[in-house]
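Since the structure comes first, as structure tokens, the remarks are kept for the end.
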Amino acid sequence: MIKMIEKTIIFLYRRGGRYTYIFRHQGALALMEAHRNFFKENKGMPEAQLLHTVYEVHFL
């Protein structure tokens with residue numbers, strides 16, 4: 001049996017650093033949550049962002 005787990009990875013960039021947030025859910029909620037976390041940590045807007053979906057495969 002194969003179990004696939006879908007994860008969303010959001011990369012945000014701002015001068016002085018790159019920030020990565022990993023979520024088990026996809027969509028607008030994950031993107032909003034990543035931005036909220038970024039604003040809390042950096043007090044500003046990211047200059048660039050990248051959204052990537054990955055799949056974890058587990059063989060049971």
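The values are calculated or read from the model by the stated rules, or taken from the named source; none is laboratory data. From a predicted model like this one, the values you see are computed outputs, not experimental measurements. Virtual Cβ from ideal backbone geometry, glycine too; neighbours counted across all protein chains shown. We work out accessible area using only protein heavy atoms, side chains counted, and drop any ligands, DNA or RNA first. Shrake-Rupley method; radii C 1.70, N 1.55, O 1.52, S 1.80 Å.
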Next on the checklist: Checking the condition at pLDDT below 85 and at negative phi, which residue from Met4, Met45 passes?
Outcome noted: Met45
Next on the checklist: Yes or no: the stretch 3-19 includes at least one residue that is in a helix (DSSP H, G or I), of a type outside the set (A, V, I, L, M) and free of Cβ contacts under 8 Å to residues at least 60 places away in the same chain.
Outcome noted: no
Next on the checklist: Pull out all pairs, ordered by first then second residue, where Cβ-Cβ is under 8 Å, the residues are six or more apart or on different chains, the first lies in the stretch 22-41 and is closer than 13 Å to Val54 by Cβ, and the second is assigned to a helix (DSSP H, G or I) and open to solvent by 40 Å² or more (accessible area, probe 1.4 Å).
Outcome noted: Phe23/Glu33
Checklist entry - When the stretch 34-46 is examined, which residues are found to be open to solvent by less than 100 Å² (accessible area, probe 1.4 Å) and either more than 12 Å from Leu12 (Cα to Cα) or assigned to a loop (DSSP other than H, G, I, E, B) (or both)? => result Gly44, Pro46
Item to check | Restricting the stretch 33-60 to residues that are among the charged types (D, E, K, R) and out of contact with any strand residue (DSSP E or B) (no Cβ under 6 Å at 6 or more places or on another chain), the residue that is farthest from Ile2 (Cα to Cα) | outcome: Lys43
Item to check | Considering residues of the stretch 17-32 that are open to solvent by less than 100 Å² (accessible area, probe 1.4 Å) and in contact with a Phe, Trp or Tyr (Cβ under 7 Å, 6 or more places away or on another chain) only, the residue farthest from Lys7 (Cα to Cα) | outcome: Tyr19
Item to check | Leading residue by the ranking (modelled with the lowest pLDDT) among those in the stretch 51-60 that are open to solvent by less than 100 Å² (accessible area, probe 1.4 Å) and aliphatic (A, V, I, L, M) | outcome: Val54
Checklist entry - In the stretch 1-16, what residues are open to solvent by 100 Å² or more (accessible area, probe 1.4 Å) and over 20 Å from Tyr55 (Cα atoms)? => result Arg15
